[in-house]
Amino acid sequence: MKYLDEFRDPVAAHALVEQIRDRATRQWTLMEVCGGQTHSIIRNGIDQLLDGVVEFIHGPGCPVCVTPLEVIDRALTIAARDEVIFCSFGDMLRVPGSREDLFSVRARGGDVRVVYSPLDAVRIAADNPDKEVVFFGVGFETTAPANAMSVLHAQRLGLVNFSMLVSHVLVPPAMTAILSSPTNRVQGFLAAGHVCSVMGTDQYGPLVERYRVPIVVTGFEPLDLLEGVRQAVDLLETGTPELRNAYPRAVSAAGNTVAQQTLADVFTVVDRQWRGIGMIPQSGWALSKRYAAFDAEIRFGVGHLEVSESADCHAGEVLQGMLKPNECPAFGKTCTPRNPLGATMVSSEGACAAYYHFRRLTIGAGHV
Ligand code: SF4
């Protein structure tokens, strides 16, 4: 497949692995903050190819996994209302709330629909003027521009029955929280290429300067990841904390400035709870006051809910790189993709699901 096969070439991949192995004088600890990269690393066996040279720890880069329990419970409360058509990307439907998930609400008769774009939800609102249509707007800087556009589109259409339950999160504050933690083990970061295609690489410069840690912006295919690792290991070996862009075919220093202007118009930066981690200051986006009429949290009055997380789930430690998924006592026993205890076992980007699907079942085997 053109534009993909050339980034999956096994001969080139093995050459990069050899270069990394030759360059490394010790084992280095890298963190990727993107569930797509986590799955690509595990699916392609990059962790095993670099065993003993690079330890990968998987950061809070799965949007489904870090969406706070309170927000899931708000979604469940809103979706259960008779007048509501609740629209979401499919991977949110099985994320457990305090007591149930969106599939359970749908099984009881709730109108919960899977959509492939927030604009689909706007169209559903236009087609159903007697219903309240709510879109579940979660994710990182990658999904936010389309969500912002859908709010603007609904406004242009004059729709008064469309709203959005927003829980966006931002990568740099999460990296700051990890680097500031007394338990931090991260020596270098692979930054997510798609986030940087929107926001640019410049936003990571202050992190490199403040924490003296190399950050390499990296893509998602095996050769992209190996090239990012190669550059990160090179910077670590030479003691050079630098920002590098190993994904220049998609990412620029400034990013997509048109998208950034739209985001600044529609959203405002707020403190945000991260599931399993807690409050990270200034780490999320909420709808700005200008667009409060589209805020589902206000429209349905679901600001304050009591929540209770499963005591058996250690996803917070997994998301901070303090625990490997297969070190969780529930992994593969009481917690499986079919019966997940935590969001990291549900999502197609979750680290626990990656370890389960790609058979990293034994602690120490294929150490990541
Ligand atoms: S294996 Fe299951 S219970 Fe353990 S941390 Fe992952 S999601 Fe939570």
Practice task
Sort S252, S104 so that the residue with the fewest other Cβ atoms within 10 Å of its own Cβ comes first and the one with the most comes last.
Solution key: S252, S104
Exercise for the section: Starting from the Cα of A107, step 7 Å along the direction of its Cβ; do the same at D202; then give the gap between the two resulting points in nm. Expected result: 5.1 nm
Fill in the blank from the handout: Any residue on another chain or 5+ positions along whose placed amide H is under 5 Å from the amide H of A191 is listed here as V216, V217, T218
Problem - Cα-centred dipole magnitude for segment 271-326, charges only on beta-carbon of K, R (+1) and D, E (-1), debye, nearest 20 - result: 320 debye
Problem - Centroid-to-centroid separation of segment 168-247 and segment 1-78 [C-alpha atoms, Å] - result: 13 Å
Fill in the blank from the handout: Computed over the chain, the distribution of all Cα-Cα distances in 10 Å bins, rounded to whole %, is 5, 24, 32, 25, 11, 2, 0
Fill in the blank from the handout: Which residues qualify? For E55, with a placed amide H closer than 5 Å and at least 5 residues away or on another chain, they are W28, T29, L30
Exercise for the section: For segment 231-341, just run the numbers: alpha carbon Rg, then divide by 2.2 N^0.38 Å, N being how many residues it has. Expected result: 1.53
Handout entry: Within the chain: Cβ-based charge dipole about Cα centre, in debye rounded to nearest 20 (Lys, Arg +1; Asp, Glu -1)
Key = 180 debye
Exercise for the section: Can you figure out the FRET efficiency of A15 with E83, using R₀ = 45 Å and their beta-carbon distance, to the nearest 0.05? Expected result: 0.15
Handout entry: Check: segment 79-206 dipole with +1 on Lys, Arg Cβ and -1 on Asp, Glu Cβ, in debye
Key = 220 debye
Completion exercise
Percent antiparallel among DSSP beta bridges confined to the chain, nearest 5, equals 20 percent
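Hey, with R₀ at 35 Å, roughly what FRET efficiency would S117 and D51 work out to, going by the Cβ-Cβ distance, to 0.05? Intermediate values should be presented prior to the final figure.
Values: r = 40 Å, r/R0 = 1.14.
Approximately 0.30, to the nearest 0.05.
Do the sum for the chain: with -39,500 (n - 2.57) for every DSSP H run of n ≥ 4, divided by all residues, what is the mean residue ellipticity at 222 nm, to the nearest 500 deg cm²/dmol?
Working: 16 runs with 138 residues, N = 368.
That calculation yields -10500 deg cm²/dmol at 222 nm.
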Problem - Net length gained if the chain between S252 and T183 were fully extended (0.36 nm per residue, minus Cα distance) - result: 21.6 nm
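Throughout, read-outs are computed from the coordinates displayed, never taken from laboratory work. Owing to the predicted nature of the structure, the values given are computational and were not obtained by experimental measurement. Don't worry about glycine lacking a Cβ; one is built from the backbone with ideal geometry, like all the others, and counts go over all protein chains shown.
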